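So the structure is just underneath, and the comments pick up after that.
Values quoted throughout were computed directly from the atomic coordinates according to the rules given, and no laboratory measurement underlies them. These numbers come from a predicted model, not from an experiment. Using ideal geometry, Cβ is built from the backbone for each residue, glycine included, and neighbour counts are taken over all protein chains shown.
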Amino acid sequence: MEIATLGGGCFWCFEAVYQEIKGVLSVVSGYAGGHVENPTYKQVTTGTTGHAEVVQIEYNPEVISYEEILEVFFGTHDPTTKNRQGNDVGPQYRSIILYHDDKQREVAEDVKARLDASGKWRNPIVTEVVPFTEFYPAEDYHQNYYCNNRNQGYCRYIISPKLDKLRRDFALKLNM
């Protein structure tokens, strides 16, 4: 099994996305990339801890590759907006790949460069590719958020359309 740590807006969105992907064993929402030990959601939302909202994904590389994990990542958020995803604004919502080893760094840089050159987006990709240092799981009420709160407004209006896009664009990578 391998680990990927990614952020691109609210962690509830990416948690819901990766829970549907074939070969993903677990997805944990949390915080990474900052300078405060054991941060809380309240601290992270101030934008002063340096942390991004991220998900840590445990996956089976025999079923899905790291490159495919990243293709889903880039395909399910806007990697061209710095410190913003929709109405979520601040450095805690930045697009970020935290690589765990040199191979992940190389793959992340290659995928980012390839997609940036593809012309898919009008603006350049601003996703940070940085070394992983520490992951802090978010509070329990953030885990499995979409599954537990499907009728909540944010889930209906933000996450559900993102999942519709995932199902349309990445149908072959989904659990059936």
Using the 2.2 N^0.38 Å rule of thumb for compact globular proteins, work out how the chain stacks up: its C-alpha Rg over that value, please. 0.95
Name the aspartates and glutamates eligible as straight-distance cross-link partners of Lys42: C-alpha to C-alpha under 16 Å, and not fewer than 8 places from it in the same chain. Glu53, Asp88, Glu139, Asp140
Pull out a ≥ b ≥ c, the square roots of the eigenvalues of the alpha-carbon gyration tensor of segment 31-135, then state rounded if a/c is under 1.5, prolate if not and a/b is larger than b/c, and oblate in the remaining case. oblate
Mind running the shape call on segment 82-130? Use the C-alpha gyration tensor, a ≥ b ≥ c as the square roots of the eigenvalues: rounded below 1.5 for a/c, prolate if a/b tops b/c, oblate otherwise. oblate
Quick one: putting +1 on the C-beta of Lys and Arg, -1 on the C-beta of Asp and Glu, what dipole do you get for the chain around its Cα centre, in Debye to the nearest 20? 840 debye
Simple Cβ-charge dipole of segment 59-146, Lys/Arg +1 and Asp/Glu -1, about Cα centre, in debye nearest 20: 520 debye
Fluctuation leader among Tyr157, Tyr66, Tyr99 - the chain, Gaussian network, Cα springs under 10 angstrom: Tyr157
Could you sort 100-107, 89-96 so that the peptide with the highest average Cβ count within 10 Å comes first and the rest follow in order? 89-96, 100-107
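Given Lys22/Lys165; Lys120/Lys165; Lys22/Lys82; Lys22/Lys162; Lys82/Lys162, which pairs have Cα atoms separated by over 23 Å?
Pairs exceeding 23 Å: Lys22/Lys82.
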What number, in percent, do you get for the relative contact order of the chain if the mean sequence gap of Cα pairs under 8 Å and at least 6 apart is divided by its residue count? 31 percent
Distance in nm between label sites at Lys165 and Glu134, each 7 Å beyond Cα in the beta-carbon direction? 3.3 nm
What does the net charge come to around Arg122 if you take all other residues with beta carbon closer than 15 Å to its beta carbon, with K and R at +1 and D and E at -1? 0
